[in-house]
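Asks: First, the structure itself, so that you have it in front of you.
What follows is calculated from the coordinates using simple rules that are stated; it is not laboratory data. Keep in mind the model is a prediction, meaning the values are calculated, not measured. Quick reminder, even Gly has a Cβ in these numbers, built from the backbone with ideal geometry, and neighbours come from all protein chains shown.
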Amino acid sequence: MFILSLVSVGLLWLISIIHIYWAFGGEWGTGAVLPVKEGSQQVVFSPRKWGTLCVAILLLSASVIILVQGGYITAFPASTYSKVGCIICAVVFSIRAIGDFKYVGFFKTIKHSQFAKNDTKLYSPLCVFLGFVYFMLLL
């Protein structure tokens, strides 16, 4: 479980750093991370700076939950709060993997964009992996 936790924390930190980069005007990768409407290249939503920073903070918080629940931060022992955090993270990442049945997740119907291809190959499997790690930390 140590390796899975370490990989998960590293990925969450990396994704958080990328969100901070985007929040402060970074352009790299933005063409493949937002869903687009069917038959066009118009994005479904345009995230704002504060929303993107909020996602970054939530991702960092999610990584701390792994560290606490896994017993890797001795100053903060696992508790009911970290267990509830694990449940919430497991549910959120699992729901993200399932998707909204239109633009994101394994069951999306809009599959023509670069985002949709990346979502099927990378983003949704990553969410399944993270959901699995949070679930395993509960055992």
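Asks: Report, in whole Å, the centroid distance computed from the Cα atoms of segment 11-46 and segment 56-131.
Replies: Comparing the Cα centres of segment 11-46 and segment 56-131, I get a distance of 17 Å.
Asks: Using 1/(1 + (r/R0)^6) with R0 = 30 angstrom and r between the beta carbons of residue 120 and residue 4, what's the FRET efficiency to the nearest 0.05?
Replies: Given R0 = 30 Å and the Cβ-Cβ separation, E is 0.85.
Asks: Additional query: So what is the calculated 222 nm ellipticity per residue for the chain, using -39500 (n - 2.57) for each DSSP H run with n of 4 or more, over all residues, to the nearest 500 deg cm²/dmol?
Replies: For the chain, the value works out to -19500 deg cm²/dmol.
Asks: Pick out which of 56, 116, 32 has the largest mean-square fluctuation in a Gaussian network model of the chain, springs linking Cα atoms closer than 10 Å.
Replies: Result: 32 has the largest fluctuation of those listed.
Asks: Which chymotrypsin sites (Phe, Trp or Tyr not before Pro) from segment 1-74 combine a DSSP loop assignment with at most 16 other Cβ atoms within 10 Å?
Replies: Qualifying residues, ordered by number: 24, 28, 45, 72.
Asks: Hey, rough spin-label estimate for residue 76 and residue 21, points 7 angstrom out along Cα→Cβ, what's it come to in nanometres?
Replies: Here the modelled spin labels are 2.6 nm apart.
Asks: Could you list, in their original order, any pairs among 49/108; 49/111; 49/121; 37/117; 37/111 whose Cα atoms are separated by more than 21 Å?
Replies: Cα-Cα > 21 Å for 49/108; 49/111; 49/121; rest within.
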